[in-house]
1. Report, in deg cm²/dmol and to the nearest 500, the calculated mean residue ellipticity at 222 nm for the chain, where each DSSP H run with n ≥ 4 adds -39500 (n - 2.57) and the sum is divided by the residue count.
2. Could you tell me whether segment 104-163 comes out rounded, prolate or oblate from its Cα gyration tensor? Rule is a ≥ b ≥ c as square roots of the eigenvalues, rounded for a/c under 1.5, then prolate if a/b exceeds b/c, otherwise oblate.
3. With N set to the number of residues, divide the alpha-carbon radius of gyration of the chain by 2.2 N^0.38 Å and report two decimals.
4. Nearest 10 degrees is fine. How inclined is helix 138-160 to the longest principal axis of the chain, computing both from alpha carbons?
5. Which of the peptides 141-147, 26-32 is most tightly packed, and how do the rest follow, judged by the mean count of other Cβ atoms within 10 Å per residue?
6. What's the ranking of 9-21, 116-128 by average number of surrounding C-beta atoms within 10 Å, highest first?
7. May I ask for the angle, rounded to the nearest 10°, between helix 107-134 and the longest principal axis of the chain, with both axes built from Cα atoms and the value confined to 0 to 90°?
8. For the Cα atoms of the chain, what angle does the longest principal axis make with the long axis of helix 17-47, in degrees from 0 to 90, nearest 10?
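Since every read-out is calculated from the coordinates, none of them should be taken as a lab result. The structure displayed is predicted, hence computed values, not measured ones. Note: ideal-geometry Cβ built from the backbone for every residue, glycine included; neighbour counts use all protein chains shown.
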């Protein structure tokens, strides 16, 4: 076969194109929120100060490391659905619900902002879930469930530091 005249192979995994696009749109918002939270958490890791420095520095590192893996898994799921994954700051800024941090916040404000960010990602994943469930897209439903579980736990840990 001549690669110049070959037509792309049509994706046929049992989920129609419209449903795949709807699911990918929800995953794209999740990707944007996750990536923005990754950047914010990494920023806070670098810039946190105060008596809890070592504890927060290590906690933030664990969280941004986990987020780095998550963004790859989310983007790869979008691609497996046959849709282009967003991958630029412009695309992420248009899709995200997470507010950026400056790195000049107090340690307590950093904790509070990250807890809010973790909860925001949970809501974004929860909003994407019905489309995956309706299309019987179990791999995406599983990914969303894992993301909600991880972010709920992180939010709980962060909130516990404020009590």
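1. Values: 5 runs with 117 residues, N = 163.
Rounded to the nearest 500, the figure is -25000 deg cm²/dmol.
2. Details: a/c = 4.26, a/b = 2.92, b/c = 1.46.
The shape class here is prolate.
3. Details: Rg = 17.9 Å, N = 163, 2.2 N^0.38 = 15.2 Å.
The reported ratio for this selection is 1.17.
4. Result, in degrees: 10.
5. On the way: 141-147: 18.6, 26-32: 24.1.
The densest-packed peptide leads the list: 26-32, 141-147.
6. Working: 9-21: 11.9, 116-128: 20.9.
Per-residue Cβ counts within 10 Å, averaged per peptide and sorted highest first, yield 116-128, 9-21.
7. Helix 107-134 sits roughly 20 degrees off the main axis of the chain.
8. That helix lies at roughly 20 degrees to the long axis.
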